[in-house]
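The values are calculated or read from the model by the stated rules, or taken from the named source; none is laboratory data. Because the structure is a prediction, the values reported are computed rather than measured. Note that we place each Cβ from the backbone using ideal geometry, even for glycine, and neighbour counts take in every protein chain shown. Just so you know, the surface numbers come from the protein's heavy atoms only, side chains and all, with ligands and any DNA or RNA stripped out. Shrake-Rupley method; radii C 1.70, N 1.55, O 1.52, S 1.80 Å.
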Amino acid sequence: MTGLKKQLIAHGRQLGFDLIKIASADPLEVTKLELEKRIHAGIYPSLAIGSPEERTTPTLLLPHARSVIMVAMAYSIDPTILKERAGCECESLNLASHRGELSRYAWGDDYHRVMGPRLKQLAEFITTKVPGAQCRAMVDSGPLAEKAMAYRAGLGFFGWNSCLITKEFGSWVFLGALVTTLALEPDAFQPRTCKQCGACLEACPTGAIIAPYVVQPELCLSYITQMRGIIPHGFRQPLGNRLFGCDTCQAVCPHNDAAVTNWGNHREFMPHPDIGQAPPLEKILTLSNRVFKQSFAQIAAGWRGRNILQRNALINLGNTLDASVLPLVNKYLQDPSEPVRAGAVWAIANIAKAHGGAVARDVIKTLAKARAKETSDIIDHEILAALEGL
């Protein structure tokens with residue numbers, strides 16, 4: 001290892017990166033072919049940035065690129081620390097009642113804001129040491145196929161759920177990339193596969209893992225919680241109490257069990273003191289824009305905005321089947337947002353179906369009144385479908 005590479009890695013660790021590996025900036029030819037194949041199969045992620053060629057050719061992202069520095073920060077937290085932190089919900093808490101579960105990656109500060117500035121500091125370190133060197137930093141914010149490049153760099157290997165699994169921290173890691181014109185010695189590629197046990201494939205609530213290493217994005221509940229618009233009917237009950245994201249496939253992965261004694265414990269990724277791991281759903285629904293910006297806008301779950309979380313929270317409440325939440329949910333039948341109104345319609349109808357009797361009769365009256373005021377054909381259809389099911 002060259003002296004500069006040693007210095008770069010040491011500086012990266014000082015900045016808080018847990019893992020740092022170097023890959024060549026040669027095109028990822030196999031990945032490009034796989035991405036093109038997925039486009040033709042109709043399973044290319046709609047949130048992906050750039051064409052397959054852009055995502056796999058670093059020189060298109062930075063002319064004369066020679067190396068890609070791949071970094072990882074673990075967002076796993078020791079459960080004993082979680083229990084000790086005031087305001088945080090411990091792992092043993094029953095999350096199914098009136099609380100919405102946040103994916104672990106959304107507990108703390110938005111990882112883009114944590115890792116982005118540090119990658120820029122790493123870039124400044126390079127340009128100070130080697131004047132004239134150029135760099136481009138990306139944290140899930142550019143075209144680069146980061147997981148494929150991390151695999152090339154030897155940072156980890158792929159699981160059947162398409163997550164990158166590291167030996168040290170399992171798949172509970174955030175990735176970042178620094179493309180540079182500096183020629184650095186690449187780290188050795190580590191050809192390896194996961195245990196291929198199939199646990200993730202079997203556990204996925206919607207069958208989104210359609211084949212080993214292949215996830216159909218539009219079936220993934222993590223995607224569903226982030227999509228714009230009205231949540232399709234077939235995903236509403238499977239959503240359960242997932243407020244944002246889904247950790248099911250990672251939670252059952254034996255590689256994450258193996259990494260259970262190696263926690264990231266970064267302060268930035270600890271649960272937000274005002275939100276915790278599973279915030280009360282009633283709190284989500286009553287958030288003002290000001291409070292939302294002060295709290296949720298700071299975590300990864302806030303990037304889609306307040307309405308998306310409120311839409312999800314209504315579906316979550318509908319899945320509790322608790323009639324006591326009906327007065328609160330009824331208020332959102334008049335919300336300005338169509339996705340929020342659709343969530344409210346489904347929630348009260350789902351609760352009514354579970355109870356029948358007087359509860360169902362009251363909900364039918366409530367929906368009829370809402371329909372009389374409704375101006376959207378889309379929501380009118382939602383209400384009609386709900387009434388037909390009661």
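Structure notes:
- Of residues in segment 215-227 being open to solvent by 30 Å² or more (accessible area, probe 1.4 Å), at pLDDT 95 or above and assigned to a helix (DSSP H, G or I), the one farthest from residue 170 (Cα to Cα): 219
Table: residues versus (1) at positive phi; (2) open to solvent by less than 40 Å² (accessible area, probe 1.4 Å).
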{"residue": "188", "(1), (2)": "no, no"}
{"residue": "210", "(1), (2)": "no, no"}
{"residue": "213", "(1), (2)": "yes, no"}
{"residue": "229", "(1), (2)": "yes, yes"}
{"residue": "233", "(1), (2)": "no, no"}
{"residue": "247", "(1), (2)": "no, yes"}
{"residue": "256", "(1), (2)": "no, yes"}
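- Subset of segment 200-214 (residues that are outside any strand (DSSP E or B) and out of contact with any strand residue (DSSP E or B) (no Cβ under 7 Å at 6 or more places or on another chain)): 202, 203, 204, 205, 206, 207, 212
- All conditions but one from (1) touching a His at 6+ places or on another chain (Cβ under 7 Å); (2) at pLDDT 95 or above; (3) of a type outside the set (Asp, Glu) apply to residue 57; the one that does not is (1).
- Against the numbered list (1) assigned to a helix (DSSP H, G or I); (2) open to solvent by less than 50 Å² (accessible area, probe 1.4 Å); (3) in contact (Cβ under 8 Å) with a residue 40 or more places away in the chain, residue 314 comes up short only at (3).
- Filtered by the rule that a residue be under 22 Å from the mean Cα position of the chain (by Cα) and open to solvent by 20 Å² or more (accessible area, probe 1.4 Å), segment 44-74 gives 44, 45, 46, 47, 48, 49, 50, 51, 55.
- Yes/no for residue 37 being more than 25 Å from residue 105 (Cα to Cα), open to solvent by less than 30 Å² (accessible area, probe 1.4 Å) and among the charged types (D, E, K, R): no
- Residue selected from segment 121-143 under the condition under 23 Å from the mean Cα position of the chain (by Cα) and surrounded by fewer than 19 Cβ atoms within 10 Å (Cβ to Cβ), by the criterion modelled with the lowest pLDDT: 141
- Here is the figure for segment 288-299: residues that are open to solvent by less than 20 Å² (accessible area, probe 1.4 Å) and at pLDDT below 90 total 3.
- In segment 265-280, the condition of being open to solvent by less than 20 Å² (accessible area, probe 1.4 Å) and touching a helix residue (DSSP H, G or I) at 6+ places or on another chain (Cβ under 6 Å) is met by no residue.
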